Amino acid sequence: MTQVPPATATGTAAATPIAPDSDGTTRTLPVKRYRLADLSDFPTEDGYRYEIIDGELIVTPAPARRHAALAVRLTRLLSQALDKQQPGWCLITQPFVLETETETTTHHCEPDLGIFAQPLETFVSDEELLPAIVIEIVSPGNPENDYVRKVTAYAAIGIPEYWIVDSRHRTITFLALTTTGQQRHYAKIEHSQLLPETELALDEIFAGL
């Protein structure tokens with residue numbers, strides 16, 4: 001198994017220092033650009049999540065209890081909303097894989113929650129199926145993963161809506177995919193356009209957390 005480079009608990013793999021040059025200047029190896037093929041080198045049962053975002057390795061530990069509690073509350077509220085508005089859609093509450101790779105970059109993400117505009121049976125049978133909405137619960141120790149890195153990744157993959165749930169500020173940020181020329185990017189929106197009748201009561205979601 002390939003040695004995984006040192007990483008912070010919720011950060012990117014670090015560059016590796018090497019011996020100084022003859023003039024005394026210390027050089028470092030550039031951070032490795034990871035590809036999908038590298039995933040097979042990582043452990044699968046060590047309790048960490050291994051993601052690749054724009055070629056960078058992101059290693060995160062198992063979610064904290066606050067994170068898990070928020071996921072439970074969101075699951076309950078969103079399940080109720082889908083039953084009323086889109087009974088043919090499905091909510092996935094376990095991490096699943098979303099990825100894309102080109103000659104220049106690689107994205108391999110595992111969202112906290114996903115909403116598909118198809119029933120569960122289609123989700124299972126079609127591994128290329130993309131969700132209509134992905135939801136990430138912000139890790140207080142590394143918020144840039146969700147607010148910066150995954151914004152780029154999910155736009156590249158082509159996810160129509162991306163929701164960011166942040167217990168620090170008791171907010172939910174809604175982003176909608178848009179295209180300018182050949183470039184995909186997200187624009188902030190007030191409410192979900194795909195589930196416009198869904199009202200997520202922030203006081204209920206974040207109460208006690």
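The values are calculated or read from the model by the stated rules, or taken from the named source; none is laboratory data. As the structure is a prediction and not an experimental result, all values here were calculated from the model. When we count neighbours, we look across all protein chains shown, and the Cβ atoms used for this are built from the backbone with ideal geometry, even at glycine.
Quick one: is Thr44 in a loop (DSSP other than H, G, I, E, B), farther than 21 Å from Gly158 by Cβ and among the β-branched types (Val, Ile, Thr)? It is true that Thr44 is in a loop (DSSP other than H, G, I, E, B), farther than 21 Å from Gly158 by Cβ and among the β-branched types (Val, Ile, Thr). Gly114 - would you say it is assigned by TED's automatic domain parsing to the domain that holds Leu82 and assigned to a strand (DSSP E or B)? Judged against the criteria, Gly114 is a match.
The set of residues in the stretch 101-117 being surrounded by fewer than 18 Cβ atoms within 10 Å (Cβ to Cβ) and over 25 Å from Thr44 (Cα atoms) consists of Glu103, Thr104, Ala117.
Screening the candidates Glu128, Glu136, Glu199, Glu204 for the property of being outside any loop (DSSP other than H, G, I, E, B) and surrounded by fewer than 19 Cβ atoms within 10 Å (Cβ to Cβ) yields one hit, Glu204. Just one of the listed residues (Tyr162, Tyr186, Tyr154) is in a helix (DSSP H, G or I) and either buried (at least 16 other Cβ atoms within 10 Å of the Cβ) or not polar (S, T, N, Q) (or both), namely Tyr154. Applying the criterion of being more than 17 Å from His67 (Cα to Cα) and under 17 Å from the mean Cα position of the chain (by Cα) to the residues of the stretch 165-183, the residue that is surrounded by the fewest Cβ atoms within 10 Å (Cβ to Cβ) is Ala176.
Inspection of the stretch 169-176 finds no residue satisfying the criterion of being closer than 18 Å to Pro95 by Cα and either modelled with pLDDT under 95 or touching a strand residue (DSSP E or B) at 6+ places or on another chain (Cβ under 6 Å) (or both). Using the structure shown, decide if Leu129 is more than 19 Å from the chain's Cα centre (by Cα) and not basic (Lys, Arg). Here the answer is no, as Leu129 does not meet what is asked.
Scanning the stretch 23-61 for residues being loosely packed, with under 10 Cβ neighbours inside 10 Å and at pLDDT 90 or above gives a total of 2. One residue alone among Ala64, Ala19, Ala7 is modelled with pLDDT under 95, of a type in the set (A, V, I, L, M, F, W, C) and either in contact with a Phe, Trp or Tyr (Cβ under 9 Å, 6 or more places away or on another chain) or surrounded by 16 or more Cβ atoms within 10 Å (Cβ to Cβ) (or both), and that residue is Ala7. When Leu98 is evaluated against the numbered criteria (1) surrounded by fewer than 17 Cβ atoms within 10 Å (Cβ to Cβ); (2) in contact with a helix residue (DSSP H, G or I) (Cβ under 7 Å, 6 or more places away or on another chain), which criterion, by number, is the only one it fails? With (1) surrounded by fewer than 17 Cβ atoms within 10 Å (Cβ to Cβ); (2) in contact with a helix residue (DSSP H, G or I) (Cβ under 7 Å, 6 or more places away or on another chain) applied to Leu98, the lone miss is (1).
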